[in-house]
Amino acid sequence: MRHWPKKVRIKEVGPRDGLQNETNWVHTGDKVAWINMLSESGVKEIEYSSFVHPNWVPALSDAREVGKRINRNPNVRYSALVPNRKGLEHALEAGIDGASVFMSASESHNKNNINKSITATYPILKEVIHEAKATGKHVTGYVSTVFDCPYEGKISPEQVLCVCDKLYALGVDDLSLGDTIGTAVPSQVEELLETMLAYYPQEKIIMHYHNTRGMAIANIMTSMEYGVTRFDSSVGGLGGCPYAPGAAGNVATNDVLYLMHGLGINTGIDENKLKKAGFFIQNKLGKQLPSNSLAYAASQA
Ligand code: HMG
Ligand code: MG
């Protein structure tokens, strides 16, 4: 019998990663109401929006208004994606507890996503990390394309480690490793975690799986076998990177909760409240979301 962790920490990224790829505009008031529902679910961290250039991600161009209008639950860390100094200024004005800086392990995805080479990205993120830390914010460093890049193919664990080491030296508190296009299978997870965990303690590592090929749950199980207990997920399985062709949604929080609770692992999150939040955003978007648990719940209603 395998031994699973007693508890895991889930970051809800639906309002950011989930909505960023949507062409249907969700009204600001609906985003606020939805984030408020998530805030009351027991989740400990919500990535509520993104302070990138509005032309690059129009779906989240109301980030400042969302940040100013949401109710703040003192038990929740409210974080947002921040690409540069201007983004940080806007994020601080709107209110954040955490800044998520981001870049890619592969040169071409980095260039396509943030319009810079990897080398040119470090000084920009250095400024953001230092300023965010100086104002007492938690900083997570996202590294994308840690398994495969949509432009370059396979990415080596050493390449990922190199970017992580740079970000860590710049002062990030933890590292979120992104399977941006959802291609990884468990053997790739093993290979990467064997490299990463030789240098970083498990509690510094967050796994961020997209579920393009339905492998995310298997990859989460493998990650837990390596002692990783922190995962990003998105209500209903919404999501995807607009600058990574073929990227589908994040693993659905609803499905992750079903797995964790079934295994007897504490998440602190109320499955029923997450289900309601899933139906809410599904109705606003006017389409069925990919979560199997949500689809099952709808069939029983
Ligand atoms: P750029 O064009 O190189 O920016 O874009 P720039 O610094 O040259 O500035 C150009 C103009 O944009 C200037 O205005 C700036 O002020 C303005 P001007 O002087 O010409 O009037 N500007 C901004 N305006 C508002 N907010 C800002 C901002 N920054 C500059 N923050 C930039 C560079 C990074 C801004 C752009 O490429 C961008 O916004 N990219 C974001 C792409 C994105 O959001 N991708 C999805 C998120 S990443 C992801 O999903 C992966 C993840 O989930 C993990 C995984 O799954 O792997 C995290
Ligand atoms: Mg993502």
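The values are calculated or read from the model by the stated rules, or taken from the named source; none is laboratory data. All values reported here derive from a predicted model rather than from experimental measurement. When we count neighbours, we look across all protein chains shown, and the Cβ atoms used for this are built from the backbone with ideal geometry, even at glycine. Ligands, DNA and RNA are stripped out before the accessible areas are found, and what is left, the full protein with its side chains, is counted by its heavy atoms. Shrake-Rupley method; radii C 1.70, N 1.55, O 1.52, S 1.80 Å.
Given a 1.4 Å probe, how much area per residue of the chain is accessible, in Å²?
41 Å²
Given the -39500 (n - 2.57) contribution per DSSP H run of 4+ residues, what per-residue ellipticity at 222 nm results for the chain, rounded to the nearest 500 deg cm²/dmol?
Values: 11 runs with 123 residues, N = 301.
Per the formula, -12500 deg cm²/dmol.
Considering only Ala94, Ile124, Ser108, whose Cα is most displaced toward the positive end of the charge dipole of the range 9-300, charges sitting on Cβ of Lys, Arg (+1) and Asp, Glu (-1)?
Farthest towards the positive end: Ala94.
Running a GNM on the chain with Cα contacts under 10 Å, which residue among Asn211, Asn73, Asn250 ends up with the highest mean-square fluctuation?
Ranking Asn211, Asn73, Asn250 by mean-square fluctuation puts Asn73 first.
Once each part is reduced to its C-alpha centroid, what is the distance from the range 8-32 to the range 98-171 in angstrom?
A separation of 22 Å, based on Cα centres.
Pick from Ala99, Ala80, Ala198: which residue has the top mean-square fluctuation in a GNM of the chain where Cα pairs under 10 Å get a spring?
Ala198
Past 27 Å, Cα to Cα: identify those pairs from Lys7/Lys275; Lys126/Lys284; Lys154/Lys284; Lys11/Lys166; Lys44/Lys68; Lys116/Lys287, in the order given. The partial results should precede the final answer.
Working: Lys7/Lys275 20 Å; Lys126/Lys284 38 Å; Lys154/Lys284 37 Å; Lys11/Lys166 24 Å; Lys44/Lys68 19 Å; Lys116/Lys287 35 Å.
Lys126/Lys284; Lys154/Lys284; Lys116/Lys287, as the Cα separations exceed 27 Å there.
Are there trypsin sites (Lys or Arg not before Pro) in the range 221-301 that DSSP marks as loop and that have at most 12 other Cβ atoms within 10 Å, and which are they? Don't jump to the answer; show the numbers that get you there.
Numbers: sites: Arg230, Lys273, Lys275, Lys276, Lys284, Lys287; in loops: Lys287.
Answer by residue number: Lys287.
Report, to the nearest whole %, how much of the accessible area of the chain belongs to carbon and sulfur atoms, 1.4 Å probe, protein only.
C and S fraction of accessible area: 51 percent.
So what's the convex hull volume per residue for the Cα atoms of the chain, in Å³?
Taking only Cα atoms, the chain has a hull volume of 118 Å³ per residue.
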